[in-house]
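One structure is given here, and the rest of the page talks about it.
The values are calculated or read from the model by the stated rules, or taken from the named source; none is laboratory data. The structure presented is a predicted model; accordingly, all values stated were derived computationally and were not measured. Because the Cβ atoms are built from the backbone with ideal geometry, glycine has one as well, and the counts that use them run over all protein chains shown.
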């Protein structure tokens with residue numbers, strides 16, 4: 001219950017940052033954030049519809065699609081993020097006097113704020129909705145960084161803006177914002193960064209029982225102490241930095257005396273996910 005409350009508060013805070021990035025920096029210059037939010041902005045710039053309401057409406061079919069693939073908790077937090085972002089968009093006023101007079105400067109600050117907000121939502125176990133959900137579906141089956149996938153998807157929205165608006169300077173400035181958002185999300189989310197754990201334990205069976213319940217493979221290696229000449233079991237597993245804390249808790253609860261060496265992994269070949 002505590003985790004759910006803390007994650008929900010983190011998602012709401014992330015949503016506030018996303019809405020601030022929109023209204024304080026991007027919307028005054030008619031820049032795009034990309035993805036579904038970008039589509040909502042693009043529609044709002046050329047019509048009289050409210051951007052916040054459009055953002056909510058455009059997200060509904062993606063949230064429903066994600067429910068069947070990504071799980072209830074993830075989509076539940078994503079729904080909270082979308083609803084909170086919509087609310088904050090209506091609460092945070094678009095300033096009459098622009099905070100950043102230069103469009104490129106506004107795209108930088110707006111992109112960073114949106115990226116931090118989306119990254120926090122991902123770390124809390126949800127997303128900021130929109131193309132983040134599509135990216136999460138892709139990365140569930142393919143080992144790609146989430147932010148990079150979002151950047152590729154968002155490029156289509158920027159091209160549409162340049163074509164419809166005819167102002168390629170704003171389109172390119174929007175691309176800067178989208179690129180920075182993606183990089184910040186990758187920096188915060190870190191789910192694609194791999195680490196290898198070498199675990200020397202006296203509780204092999206108990207630890208294996210818990211580790212084999214996870215989607216990562218485990219290799220059992222027989223070892224011998226150089227001084228004691230005592231035979232021990234070493235378990236090796238590759239996981240992500242995002243899942244590392246969960247793995248630490250499992251090891252600590254099962255065998256507090258276990259010796260664990262954690263090494264950053266440059267790359268992985270073969271089956272990283274155990275089916």
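Tell me, yes or no, whether the stretch 112-122 has at least one residue that is over 21 Å from residue 183 (Cβ atoms), touching a helix residue (DSSP H, G or I) at 6+ places or on another chain (Cβ under 8 Å) and in contact (Cβ under 8 Å) with a residue 24 or more places away in the chain.
No: the stretch 112-122 contains no residue that is over 21 Å from residue 183 (Cβ atoms), touching a helix residue (DSSP H, G or I) at 6+ places or on another chain (Cβ under 8 Å) and in contact (Cβ under 8 Å) with a residue 24 or more places away in the chain.
Would you check if residue 17 is surrounded by 19 or more Cβ atoms within 10 Å (Cβ to Cβ), within 13 Å of residue 85 (Cα to Cα) and without any contact (Cβ under 8 Å) to a residue 24 or more places away in the chain? Can you show your working first?
Details: surrounded by 19 or more Cβ atoms within 10 Å (Cβ to Cβ): yes; within 13 Å of residue 85 (Cα to Cα): yes; without any contact (Cβ under 8 Å) to a residue 24 or more places away in the chain: no.
It is false that residue 17 is surrounded by 19 or more Cβ atoms within 10 Å (Cβ to Cβ), within 13 Å of residue 85 (Cα to Cα) and without any contact (Cβ under 8 Å) to a residue 24 or more places away in the chain.
Of all the helices (runs of 4 or more DSSP H) wholly in the stretch 1-87, which have at least 1 residues that are more than 16 Å from residue 133 (Cα to Cα), at pLDDT 85 or above and within 18 Å of the chain's Cα centre (by Cα)?
It comes to 2-21.
Scanning for something within 16 Å of residue 108 (Cβ to Cβ) and touching a residue at least 24 places away in the same chain (Cβ under 8 Å), does the stretch 185-208 turn up at least one residue?
Yes, that holds for at least one residue.
Yes or no: residue 94 in contact with a helix residue (DSSP H, G or I) (Cβ under 9 Å, 6 or more places away or on another chain) and at pLDDT 85 or above? Walk me through it before giving the result.
Details: in contact with a helix residue (DSSP H, G or I) (Cβ under 9 Å, 6 or more places away or on another chain): yes; at pLDDT 85 or above: yes.
The answer is yes for residue 94.
On the basis of being within 14 Å of residue 127 (Cα to Cα) and out of contact with any helix residue (DSSP H, G or I) (no Cβ under 9 Å at 6 or more places or on another chain), does residue 9 make the cut? It would help to see each step written out before you state the result.
Details: within 14 Å of residue 127 (Cα to Cα): yes; out of contact with any helix residue (DSSP H, G or I) (no Cβ under 9 Å at 6 or more places or on another chain): yes.
So residue 9 fits the description; yes.
Sort out which residues of the stretch 194-209 are surrounded by 16 or more Cβ atoms within 10 Å (Cβ to Cβ) and in contact with a helix residue (DSSP H, G or I) (Cβ under 9 Å, 6 or more places away or on another chain), and write them in order of number.
194, 195, 197, 199, 201, 203, 207
Given the criterion surrounded by 14 or more Cβ atoms within 10 Å (Cβ to Cβ) and in contact with a helix residue (DSSP H, G or I) (Cβ under 6 Å, 6 or more places away or on another chain), identify the matching residue among 55, 74.
None of the others qualify; the one that does is 55.
Within the stretch 229-260, count every residue that is free of Cβ contacts under 8 Å to residues at least 60 places away in the same chain, surrounded by 14 or more Cβ atoms within 10 Å (Cβ to Cβ) and closer than 18 Å to residue 219 by Cβ.
Selection size over the stretch 229-260: 17.
Which residue out of 214, 273 is touching a helix residue (DSSP H, G or I) at 6+ places or on another chain (Cβ under 9 Å), outside any strand (DSSP E or B), surrounded by 15 or more Cβ atoms within 10 Å (Cβ to Cβ) and at pLDDT below 85?
Testing whether each residue is touching a helix residue (DSSP H, G or I) at 6+ places or on another chain (Cβ under 9 Å), outside any strand (DSSP E or B), surrounded by 15 or more Cβ atoms within 10 Å (Cβ to Cβ) and at pLDDT below 85 leaves just 214.
Taking residue 245, is it at pLDDT below 80 and more than 30 Å from residue 26 (Cα to Cα)?
Taking the combined requirement at face value, the residue satisfies it.
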